[in-house]
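Read-outs: derived from the displayed coordinates by stated rules, not from any lab. Remember, it's a predicted structure, so these values are computed and weren't measured experimentally. Cβ coordinates were reconstructed from backbone atoms using ideal geometry, including for glycine residues, and neighbour counts include every protein chain displayed.
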Amino acid sequence: MIEFENVTKTYPDGTTAIENVSFSVEAGTTTVLVGPSGCGKTTTMKLVNRLEDPTDGTVSVDGTDNRELDEIDLRRNTGYVIQEIGLFDHRTVGENIATVPKLVGWDDERIDERVRELLDLMDLSRGFRDQYPSELSGGQRQRVGVARALAADPDVLLMDEPFGALDPITRDRLQNEFLDIQERINTTILFVTHDIDEALKMGDRIAIFDVGEVVQYDTPQAILDDPKNEFVADFIGEDRSFKRLDITPVTEVMGPPDGEYAAAIDGNTDATTATDGGSSYDGEALSPDDSVKAALDRLLRSDAPALPVVENGEVIGVVADEHIRASFGRRSDARQGAT
Amino acid sequence: MLSSSPAGPISLAGGYVRFAAENAEALVELLVEHSVITAETVVIATPLAIVLGVASTYNDRLATVVLWLAGIAMTIPSLALFGLLIPFLGIGSPPVVFTLVLYSQLPVIRNTYVGLTGVDESITEAGRGLGMTRRQRLRRIQIPIALPVILAGVRNAVVIVIGVATVGAYIGAGGFGDLIFDGIRQGNVEAIVVATIAVSVFALAVDYGLATIEQLLRLRNGDDIERKTSTQLVWRVLA
Ligand SMILES: Nc1ncnc2c1ncn2[C@@H]1O[C@H](COP(=O)(O)OP(=O)(O)OP(=O)(O)O)[C@@H](O)[C@H]1O
Ligand SMILES: [Mg+2]
């Protein structure tokens, strides 16, 4: 768990990068720092592993003020993906990944095994192991950067725009892969981006930065439902509702399977037609992982007034137009009367 | 007594070749002497200059002073330095090596400093973020990446050293300079020309050899470079 308490950082040249920032990252969750360029995201991140020390306030890791911790130990226990990737160009991919395990003195066999594991995890072919970073594509380099940060199983992971310099398709794929990895590794993650969509997708919680300060710190849903001020609303953009549909799982809006739509979904419940990721339209049934956006998309394409949500061959709910509409009403007090 | 022979260039060159052939044994001996002085200088000068260069990266003020002093050292005429050192070190190679060590400092210190501080900041910052100590960053990141640049400085120094070592013969250090001074005394142009060419060829050969090593270091660092023929050869043999 990471805690910022009234933290201010002024650089020696007089630039105040952040002022009076407070928030905390629960153990095992992901908090995303998002905001425009130069608002202090990288600075905030560097305060965690003491690449910078605060001018005022405290940053604590697992309840201890991090200035009381040995900075070298702290950094070795904190995975760090730096914004510029910063791979060691004179070392092979394998050596890059092995950096921290080597520093903390793992034996060769264990390092070897770990490197292989991470190449697999990051979907890098094992042939890359003996290649130099200059021989890799931008996306592959970013994966190596993430693998290097994960190598010694850190308790805390700091990721500074890890998917920054990628085309939208590769970025989307890496994000999805990383969401899977995240479920498996149970690490406390601080993730920086300037892309609000990435923040909404990756974060359990989001801290929105304006120049030097946190304007809103909340869950993605809460931020979409109730942007605190105009800056946040502007930052989210016009298509707030769509964004919310995208991050809400169908299971949150669906109605009971035996209700008024029981007849409409009859015959549509064949388990084999259910899709996992929501990217295929072969079947009419939804899977519990699908977003409400995917559900709406399929409702619009389908003749049926409602679609079943199927898990392991069993209908666990049903989604119709009204459920989606109602979910907005349920969350936004202002619209409660209208629905 | 400088003999101005009216002969054409061909017969001139023929004379030099004949001179070289007749004195082959002596030339080899002089080459050995010249090489020993050069090698002694490099062995002493390089570690000293690298230590000074590394130290300079820790402190800007120190860097300025060290580079300034090394620059001054290069401006002192070698003959004057030999004269000043003879009372302390005697004649022969010791005062010459001492002088050459001084002359070697600037290129190696400068390249060490530039090489170490020129390492991409994102790379050293990554090293810091991953928990490397300053020493570990120096040893595992900065020095390996800067090594080709440092070696380029050594190359530079060696060429200077081979040239200036010639003057050392004046105070009895030996080497190709002996032949040049003999030639001057006896008015033997052939001796002077052959010795001069020998010094140049020696310097170029050493320079080429070191340049090849420099390229191999760059390749080992994963750099993408245009390879010399010699580099391609060695790289292929090593691979
Ligand atoms: N080492 C430094 N010395 C002085 N000022 C700095 C330093 N590092 C950052 N700053 C300044 O602090 C402010 C915040 O910088 P920071 O790098 O934290 O922003 P950021 O949100 O990460 O921006 P970006 O999205 O462009 O990466 C900027 O005004 C920047 O110029
Ligand atoms: Mg940044």
- Query: Which cross-chain or sequence-distant (5 or more) residues have an amide H under 5 Å from the amide H of A:Thr8, H modelled 1.01 Å from N in plane?
  - Reply: A:Asn20, A:Val21, A:Thr55, A:Asp56, A:Gly57
- Query: B:Arg139 to B:Leu62: extension gain in nm, 0.36 nm per residue of separation minus the Cα-Cα distance?
  - Reply: 25.6 nm
- Task: Using label points projected 7 Å from each Cα along Cα→Cβ, tell me how many nm separate B:Asp120 and B:Phe88, to one decimal.
- Result: 4.6 nm
- Note on the structure: Once B:Arg185 and B:Ala21 are pulled to full extension, the length gained, defined as 0.36 nm per residue separation minus their Cα-Cα distance, is 56.9 nm
- Note on the structure: If A:Asp225, A:Asp234 are placed from fewest to most neighbouring beta carbons inside 10 Å, the sequence is A:Asp234, A:Asp225
- Note on the structure: Sorted by chain and then number, the residues having a modelled amide H within less than 5 Å of the amide H of A:Val309, at least 5 places away or on another chain, are A:Leu286, A:Ile316, A:Gly317, A:Val318, A:Val319
- Task: Find how many whole Å separate the alpha carbon centroid of region A:280-320 from the alpha carbon centroid of region A:139-211.
- Result: 29 Å
- Item | Cβ-Cβ FRET estimate between A:Asn6 and A:Glu117, R0 fixed at 45 Å, reported to 0.05 | 0.65
- Task: Using label points projected 7 Å from each Cα along Cα→Cβ, tell me how many nm separate B:Ile10 and B:Arg220, to one decimal.
- Result: 5.0 nm
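Considering every residue in A:68-79, what mean count of other chain Cβ atoms within 10 Å of its Cβ is obtained?
Per-residue shielding by partner chains comes out at 2.
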- Once exposed loop GluC sites (Glu not before Pro) are cut out (DSSP; at most 15 other Cβ, 10 Å), longest piece of chain A: A:27-237
- Task: Could you compute the FRET efficiency for A:Asp172 and A:Asp226, with r as their C-beta to C-beta distance and R0 at 25 Å, rounded to 0.05?
- Result: 0.35
- Query: Under 5 Å between amide H atoms, partner at least 5 residues away or on a different chain: which partners does A:Asp210 have, H built in plane at 1.01 Å?
  - Reply: A:Val215
- Task: Can you figure out the FRET efficiency of A:Asp155 with A:Asp210, using R₀ = 35 Å and their beta-carbon distance, to the nearest 0.05?
- Result: 0.70
- Which order do B:Arg134, A:Arg171 fall in if you start with the one that has the fewest other Cβ atoms within 10 Å? B:Arg134, A:Arg171
- In nm, give the distance between the simple-model label positions of B:Ser35 and B:Val237, each being 7 Å from the Cα along the Cα-to-Cβ direction. 1.6 nm
- Do any of A:Lys46/A:Lys243; A:Lys9/A:Lys228; A:Lys102/A:Lys243 go past 32 Å between their Cα atoms, and which? A:Lys102/A:Lys243
- Task: Compute the relative contact order of chain A as a whole-number percentage, counting only Cα pairs closer than 8 Å that sit 6 or more residues apart in sequence.
- Result: 17 percent
- Note on the structure: So the angle from the long Cα axis of helix A:168-185 to the longest Cα principal axis of chain A, reported in degrees to the nearest 10, equals 80 degrees
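Arrange the following residues from fewest to most other Cβ atoms within 10 Å of their Cβ: B:Val159, A:Val318, A:Val7.
Listing B:Val159, A:Val318, A:Val7 from fewest to most nearby Cβ atoms yields B:Val159, A:Val7, A:Val318.
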